[in-house]
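Participant: Please read through the structure below; I'll follow up with questions.
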Amino acid sequence: MFCTALILLVAAAGAVCAETRERHVVHELSNDALLRARERSESDVMRHTSNAIGGDVDAQWKMALYHYATGLYLAQRDPPDTRTETLHFRAARLWWQMLYAQHDDASAAFNLGVLFWSGRGMTKDESMAIAWFLQAAEREHALALFVLGEYHYFELDDTAQAFAYWTRAAAAGHAEAQFNCGSLFTNTVGLPHRPDWSKAMMYFRMAAEQNHTRAQKALDKFKDPCESEIFAHFCEKRA
């Protein structure tokens, strides 16, 4: 099932399945990076706000990240400061909307999709989230393409369309998408193509080069296609 608490969906070991990876939401920032974004001084915030209003892309991103990270921090407090948290998420939304409107920023479009999907600072709206993911995907945003693949695979049960999105995400360098494409060349149910060892290995190698652990294990497992019934036809050709 597609993660309703999205922030990012990632393939799990041995099969194409999903789990939440919130650290990937905003440019795949680590917790430390989010903490640094939140801990900007008051003078920094004022300076960046002025520059951002003037159209400076870097300043607009700094302000979006500052408000998003602060919203996350407030959401985790006990008790949470819901009113202030909402204001910060709405501010992040406004900066990302400005980045998209002024600079056609694909990452801003993706993050707007994340906000709508999670309902942070607004009413959760799946259709709006998908619309923003599609805007980012049209600009070949790897993460948006990957998430749309996950959505079609788990929510719509459309393996062919999921594969199409993952193929584009893989071409854009997304390691999980590369792993998923390799997996779908070993298990082709719902797809028009037959199992293909060489293409599976190609995608697993692409992911493994990015230190993708499951892809590395897959390469070891299928080092010789004769070890798997899936690729028996290769062994027949050798004979």
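Participant: Only four residue types carry charge here, +1 at the Cβ of Lys and Arg and -1 at the Cβ of Asp and Glu. Report the dipole size of segment 61-135 about the Cα centre in Debye, rounded to the nearest 20.
Facilitator: On the way: 7 positive and 7 negative charges, 34 e Å.
The dipole magnitude comes to about 160 debye.
Participant: What are the ³J(HN,Hα) values, in whole Hz, obtained from phi via the Karplus relation 6.51 cos²θ - 1.76 cosθ + 1.60 with θ = phi - 60°, for each residue of segment 175-189 in sequence order, with x given for Gly and Pro?
Facilitator: Rounded to whole hertz, the list is 5, 5, 5, 4, 4, 5, 5, x, 4, 7, 9, 9, 10, 9, 4.
Participant: Find, to one decimal place in angstroms, the Kirkwood hydrodynamic radius of segment 92-194, where the mean of 1/r is taken over every pair of different Cα atoms and then inverted.
Facilitator: Working: mean 1/r = 0.0714 Å⁻¹.
Taking every pair of different Cα atoms in segment 92-194, averaging 1/r and inverting gives 14.0 Å.
Participant: Between rounded, prolate and oblate, where does segment 107-157 land on the alpha carbon gyration tensor, with a ≥ b ≥ c its root eigenvalues, rounded for a/c under 1.5, else prolate if a/b exceeds b/c?
Facilitator: Working: a/c = 2.26, a/b = 1.18, b/c = 1.92.
It is oblate, given that a/c is not under 1.5 and a/b is not larger than b/c.
Participant: Further question: Hey, fewest Cβ within 10 Å first, where do MET128, MET46, MET98 land in order? Intermediate values should be presented prior to the final figure.
Facilitator: On the way: MET128 16, MET46 11, MET98 19.
So the residues, fewest neighbours to most, are MET46, MET128, MET98.
Taken together, the values in this text are just the output of simple stated rules run on the coordinates, not laboratory data. Since we're looking at a predicted model, the values are computed, not measured. Here Cβ is always computed from backbone atoms with ideal geometry, including for glycine, and neighbour counts include all displayed protein chains.
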